[in-house]
Amino acid sequence: NAGVTQTPKFQVLKTGQSMTLQCAQDMNHEYMSWYRQDPGMGLRLIHYSVGAGITDQGEVPNGYNVSRSTTEDFPLRLLSAAPSQTSVYFCASSRPVGISTEAFFGQGTRLTVV
Amino acid sequence: DAKTTQPPSMDCAEGRAANLPCNHSTISGNEYVYWYRQIHSQGPQYIIHGLKNNETNEMASLIITEDRKSSTLILPHATLRDTAVYYCIVRVFSGNTPLVFGKGTRLSVIA
């Protein structure tokens, strides 16, 4: 069982470049979400989705776009990378709250913007 | 904003019980207490959750006070592999609310 798979694991971008962080899960989970974690800090929610075609903003959505065209995939797009977006990005998936209690996380994408 | 308060760091001797406190004085009646941990910058891992009764599983025990304003996560026999950041989260057990993380407690298990 692959669980939650994030690609790439590491990425270096130049300021102004765009890219997409990929997240895929094979557990047929309805809920998916993206977090960023800066050094020494907790995770902050960027965007989340409660099902295909439905997305919503979290605490820190600016500079990021998401879409959810399938249950399995939830890509995160950086439109024009900035050094402030240097961080570790985590994707998570889960069943709806009330059905399951456990969220599963990917191993993270370490992004550096220079 | 996180609804919980945790000490930033704690030490525990290997083999002893690790008791990690969490204050959630504004918890609502329909909110559960969840605990996750993050080992060395890996993705967070679910540990346990509870509403008002004490809970135990193969990883840990959760003790929630009667007024539900605080709780304690207990790792009964801490090992070096339990060194991690532990997050206490309150969350409604229905609807579409995502997990909101605070800064957690960095537990160091010392040999």
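The values are calculated or read from the model by the stated rules, or taken from the named source; none is laboratory data. Only a predicted model underlies this, so the values are computations on that prediction, with no experimental measurement involved. All Cβ positions, even for glycine, are placed from backbone atoms using ideal geometry, and neighbour counts span all protein chains on display.
Out of B:Leu20, B:Leu80, I need the residue that is touching a Leu at 6+ places or on another chain (Cβ under 6 Å) and either of a type outside the set (Ser, Thr, Tyr) or within 30 Å of A:Lys9 (Cβ to Cβ) (or both). Which one?
Result: B:Leu20 is the single residue among B:Leu20, B:Leu80 that is touching a Leu at 6+ places or on another chain (Cβ under 6 Å) and either of a type outside the set (Ser, Thr, Tyr) or within 30 Å of A:Lys9 (Cβ to Cβ) (or both).
Scan segment B:40-89 residue by residue and report those that are over 22 Å from B:Gly15 (Cβ atoms), under 10 Å from the mean Cα position of the chain (by Cα) and within 14 Å of another protein chain (Cβ to nearest Cβ).
Result: B:Tyr46, B:His49, B:Tyr87, B:Cys88, B:Ile89.
Could you run through segment B:9-39 and say how many residues are under 24 Å from B:Pro98 (Cβ atoms), under 14 Å from the mean Cα position of the chain (by Cα) and not charged (D, E, K, R)?
Summing the residues that are under 24 Å from B:Pro98 (Cβ atoms), under 14 Å from the mean Cα position of the chain (by Cα) and not charged (D, E, K, R) in segment B:9-39 gives 11.
Anything in segment A:22-37 that is within 9 Å of A:Cys91 (Cβ to Cβ) and touching a Pro at 6+ places or on another chain (Cβ under 8 Å)? List them, or say none. Steps first, please.
Going through segment A:22-37, the residues within 9 Å of A:Cys91 (Cβ to Cβ) turn out to be A:22-25, A:32-35.
Scanning segment A:22-37 gives A:Gln22, A:Cys23, A:Ser33.
On the given criteria, is A:Val113 within 14 Å of chain B (Cβ to nearest Cβ) and either on the phi > 0 side of the Ramachandran plot or β-branched (Val, Ile, Thr) (or both)? Let's see the steps before the verdict.
Details: within 14 Å of chain B (Cβ to nearest Cβ): no; either on the phi > 0 side of the Ramachandran plot or β-branched (Val, Ile, Thr) (or both): yes.
Judged against the criteria, A:Val113 is not a match.
Is there a residue in segment B:96-106 that is in contact with a Lys or Arg (Cβ under 9 Å, 6 or more places away or on another chain), more than 11 Å from chain A (Cβ to nearest Cβ) and not hydrophobic (A, V, I, L, M, F, W, C)?
Residues of segment B:96-106 in contact with a Lys or Arg (Cβ under 9 Å, 6 or more places away or on another chain): B:97-102, B:104.
Filter once more, so that each one left must be more than 11 Å from chain A (Cβ to nearest Cβ): none.
Taking every residue of segment B:96-106 in turn, none turns out to be in contact with a Lys or Arg (Cβ under 9 Å, 6 or more places away or on another chain), more than 11 Å from chain A (Cβ to nearest Cβ) and not hydrophobic (A, V, I, L, M, F, W, C).
Would you mind stating whether A:Ser18 is farther than 30 Å from B:Leu51 by Cβ and in contact with an Asp or Glu (Cβ under 7 Å, 6 or more places away or on another chain)?
Numbers: farther than 30 Å from B:Leu51 by Cβ: yes; in contact with an Asp or Glu (Cβ under 7 Å, 6 or more places away or on another chain): no.
No, not satisfied.
Assess whether B:Gly15 counts as being more than 30 Å from A:Cys91 (Cβ to Cβ) and either at pLDDT 95 or above or touching a strand residue (DSSP E or B) at 6+ places or on another chain (Cβ under 6 Å) (or both).
Numbers: more than 30 Å from A:Cys91 (Cβ to Cβ): yes; either at pLDDT 95 or above or touching a strand residue (DSSP E or B) at 6+ places or on another chain (Cβ under 6 Å) (or both): yes.
Yes, satisfied.
So, in segment B:58-83, of the ones that are among the acidic types (Asp, Glu) and free of Cβ contacts under 8 Å to residues at least 40 places away in the same chain, which residue ends up surrounded by the most Cβ atoms within 10 Å (Cβ to Cβ)?
Filtering segment B:58-83 for residues that are among the acidic types (Asp, Glu) and free of Cβ contacts under 8 Å to residues at least 40 places away in the same chain, the one surrounded by the most Cβ atoms within 10 Å (Cβ to Cβ) comes out as B:Asp67.
For segment A:18-49, which positions are loosely packed, with under 12 Cβ neighbours inside 10 Å and either farther than 18 Å from A:Val66 by Cβ or of a type in the set (A, V, I, L, M, F, W, C) (or both)?
Hits for segment A:18-49 are A:Asn28, A:Pro39, A:Gly40.
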